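Student: Before we start, here is the structure in question, set down as structure tokens.
The values are calculated or read from the model by the stated rules, or taken from the named source; none is laboratory data. Quick caveat, the model's predicted, so the values are computed rather than measured. So basically every Cβ, Gly included, is an ideal-geometry build from the backbone, and we count neighbours across all protein chains shown. What goes into the accessible areas is simple: the full protein's heavy atoms, side chains included, and nothing from ligands, DNA or RNA. Shrake-Rupley method; radii C 1.70, N 1.55, O 1.52, S 1.80 Å.
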Amino acid sequence: MRRPLTVFSFLALTGPLLAFLTLVYIIPFLGVAQWSITLPSPGLEQYARLAGDPLVFSVFVRTFRICATVTFFTVIAAYMIAYVWVRGTVLQQRIAELCILIPFWISVLTRAFGWLALLSNRGLINTWLQSLGFIGEPLTLVRNEFGVIVGMTHFLIPFAVFPLASAMRSLDERVFLAARGMGAGAIRIFWSVFVPMTFSGIVGATLIVFVFALGFFVTPAILGGGRSIMAAELIYLRMFQSPDWGLGAAISVTLVVIVGVLMGLLFRYARLGDTGVSR
């Protein structure tokens with residue numbers, strides 16, 4: 001039997017982290033929230049503007065559409081890489097490790113410009129396709145949502161791999177042996193046993209990717225070319241180019257509240273899913 005932590009031990013272990021989070025996140029957020037109701041004058045004027053501004057609404061819709069699409073493709077790609085990393089041969093595992101770790105050594109700015117060189121009208125992909133005769137005119141692959149989704153997905157895949165790999169490594173091999181003994185094939189075992197048992201990793205990866213994607217600024221700004229503005233870029237424009245600090249702060253607070261609500265719903269769904277799997 002493990003002894004529960006005392007209150008003193010709990011505070012001693014978590015106190016420094018809680019103090020750091022309060023200093024770095026909570027206090028600055030409270031300052032931004034104060035700006036949203038005090039600039040340029042006290043009141044809820046900025047939230048009323050936010051609710052009635054079609055530009056802001058369209059940016060929020062675009063942001064959540066792009067983030068949902070990026071999350072979907074990122075988790076699928078990361079699941080395949082994590083599966084190879086955990087259950088592949090030694091050579092396959094080493095290759096998977098390189099695919100996971102090397103992107104961490106390259107900055108987000110370098111990766112965005114790399115995709116710009118690949119996807120632009122005179123980039124490598126359009127040049128090759130035209131030289132091979134597959135297309136007559138260059139494809140529009142950047143300065144739109146497609147380029148933003150590609151760049152963001154490429155950047156976020158490694159972050160989704162780790163929770164998925166952790167969930168896969170915690171599985172009991174005896175469950176798969178029992179499934180084989182009952183006559184289940186490899187595909188049936190994968191979809192009916194393996195995937196449900198890694199549900200917690202899927203939820204964790206989805207949450208990490210979606211929250212990270214909501215705050216993306218550099219990649220949408222470069223690959224979107226100002227035509228696929230997301231919430232983070234809109235906040236930057238309102239605060240540093242308009243300037244309209246009150247509306248920018250209101251957008252920030254609204255985005256944080258929406259993220260909190262979505263995280264709460266996702267965690268609740270994850271608990272229900274885990275209960276269903278355990279049954």
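Student: Would you check which residues across region 106-153 are under 30 Å from VAL84 (Cβ atoms) and either among the hydroxyl-bearing types (Ser, Thr, Tyr) or at pLDDT below 85 (or both) and list them?
Tutor: SER107, THR110, THR153, listed by residue number.
Student: Check PHE134, PHE146 and return the single one that is without any contact (Cβ under 8 Å) to a residue 40 or more places away in the chain and under 19 Å from GLU233 (Cα atoms).
Tutor: PHE146
Student: If you check ILE202 against the conditions, is it without any contact (Cβ under 8 Å) to a residue 12 or more places away in the chain and either within 17 Å of the chain's Cα centre (by Cα) or over 19 Å from PHE73 (Cα atoms) (or both)?
Tutor: no
Student: Please work out if LEU101 is without any contact (Cβ under 8 Å) to a residue 24 or more places away in the chain and open to solvent by 40 Å² or more (accessible area, probe 1.4 Å).
Tutor: Criteria not met by LEU101.
Student: Tell me the residue from PHE8, PHE72 that is under 30 Å from VAL257 (Cα atoms) and either among the hydroxyl-bearing types (Ser, Thr, Tyr) or free of Cβ contacts under 8 Å to residues at least 40 places away in the same chain (or both), please.
Tutor: Numbers: PHE8 fails: under 30 Å from VAL257 (Cα atoms).
So the residue among PHE8, PHE72 that is under 30 Å from VAL257 (Cα atoms) and either among the hydroxyl-bearing types (Ser, Thr, Tyr) or free of Cβ contacts under 8 Å to residues at least 40 places away in the same chain (or both) is PHE72.
Student: Still on this model: THR14 versus (1) more than 20 Å from LEU255 (Cα to Cα); (2) touching a helix residue (DSSP H, G or I) at 6+ places or on another chain (Cβ under 9 Å); (3) part of a helix (DSSP H, G or I); (4) open to solvent by 30 Å² or more (accessible area, probe 1.4 Å): which is the lone unmet condition?
Tutor: (2)
Student: How many residues are among the hydrophobic types (A, V, I, L, M, F, W, C) and out of contact with any helix residue (DSSP H, G or I) (no Cβ under 7 Å at 6 or more places or on another chain) when one looks only at region 118-139?
Tutor: Count: 4.
Student: Scanning region 27-65 for residues that are surrounded by fewer than 18 Cβ atoms within 10 Å (Cβ to Cβ) and of a type in the set (Lys, Arg), which turns out nearest to THR219 (Cα to Cα)?
Tutor: Out of the qualifying residues, it is ARG65.
Student: Six or more apart or on different chains, Cβ under 9 Å: which pairs go from a residue in region 26-41 that's over 15 Å from VAL257 (Cα atoms) to one that's surrounded by fewer than 16 Cβ atoms within 10 Å (Cβ to Cβ)? Could you list them?
Tutor: ILE37/GLY43; ILE37/LEU44
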